[in-house]
């Protein structure tokens, strides 16, 4: 799992971009939704820009603001990384839990999402693999 830490850190911002109706996110809103500092995200986005995964565009309504746009290469990177990421989460978390533990974890997660006022993603119900 240690080998995937860098990929997972890069995947979080990409995942946030890819779940939006448009591939355009204001940098400050993205940082807030991820609970990252604007500085940390700005540095991360700079690295993603160097790799051709995103581009920054100016915000016409706010001269200091910027939008981050996921590029076609960014979408390809998500599509390539997602199956391995999902398999890793299943192997290292979901498959280790009983149905009761998974239900409790779901309830806990929903309470936390409600606390922060975020939209709940529409996830399919996961079940642990048979042991």
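In this structure, residue 29 does satisfy being at pLDDT below 95, out of contact with any strand residue (DSSP E or B) (no Cβ under 6 Å at 6 or more places or on another chain) and either within 29 Å of residue 115 (Cβ to Cβ) or surrounded by 15 or more Cβ atoms within 10 Å (Cβ to Cβ) (or both).
Pick from segment 16-26 the residues that are crowded, with 16+ Cβ neighbours inside 10 Å and closer than 17 Å to residue 82 by Cβ: which of them is modelled with the highest pLDDT? Here the residue is 23. Could you please let me know if residue 45 is surrounded by 14 or more Cβ atoms within 10 Å (Cβ to Cβ), without any contact (Cβ under 8 Å) to a residue 24 or more places away in the chain and touching a strand residue (DSSP E or B) at 6+ places or on another chain (Cβ under 8 Å)? When the stated conditions are applied, residue 45 does not pass them.
Here's a check for you: in segment 70-82, which residue that is under 27 Å from residue 113 (Cβ atoms) and either at pLDDT 95 or above or surrounded by 15 or more Cβ atoms within 10 Å (Cβ to Cβ) (or both) is nearest to the chain's Cα centre (by Cα)?
78
The residues on offer are 12, 101, and the sole one that is at pLDDT 95 or above and either in a helix (DSSP H, G or I) or buried (at least 16 other Cβ atoms within 10 Å of the Cβ) (or both) is 101. On the stretch given as segment 32-55, residues that are assigned to a loop (DSSP other than H, G, I, E, B) and closer than 19 Å to residue 79 by Cα total 3. Listed by first and then second residue, the pairs linking a residue in segment 58-85 that is in a strand (DSSP E or B) to a residue that is surrounded by fewer than 13 Cβ atoms within 10 Å (Cβ to Cβ) and at pLDDT 85 or above, with Cβ atoms under 7 Å apart and 6 or more places separating them unless they lie on different chains, are 66/57; 67/57; 69/57. Among the residues of segment 86-95, those that are surrounded by 13 or more Cβ atoms within 10 Å (Cβ to Cβ) and assigned to a helix (DSSP H, G or I) comprise 88, 89, 90, 94, 95. Scanning segment 48-66 for residues that are surrounded by 10 or more Cβ atoms within 10 Å (Cβ to Cβ) and either touching a helix residue (DSSP H, G or I) at 6+ places or on another chain (Cβ under 6 Å) or closer than 17 Å to residue 29 by Cα (or both) turns up 52, 53, 54, 55, 56, 57, 58, 59, 62, 65, 66.
The values are calculated or read from the model by the stated rules, or taken from the named source; none is laboratory data. Just so it is clear, the structure is predicted and the values come from calculations on it, not from any experiment. A quick note on method: Cβ atoms are made from the backbone with ideal geometry, for glycine too, and the neighbour counts reach across all protein chains shown.
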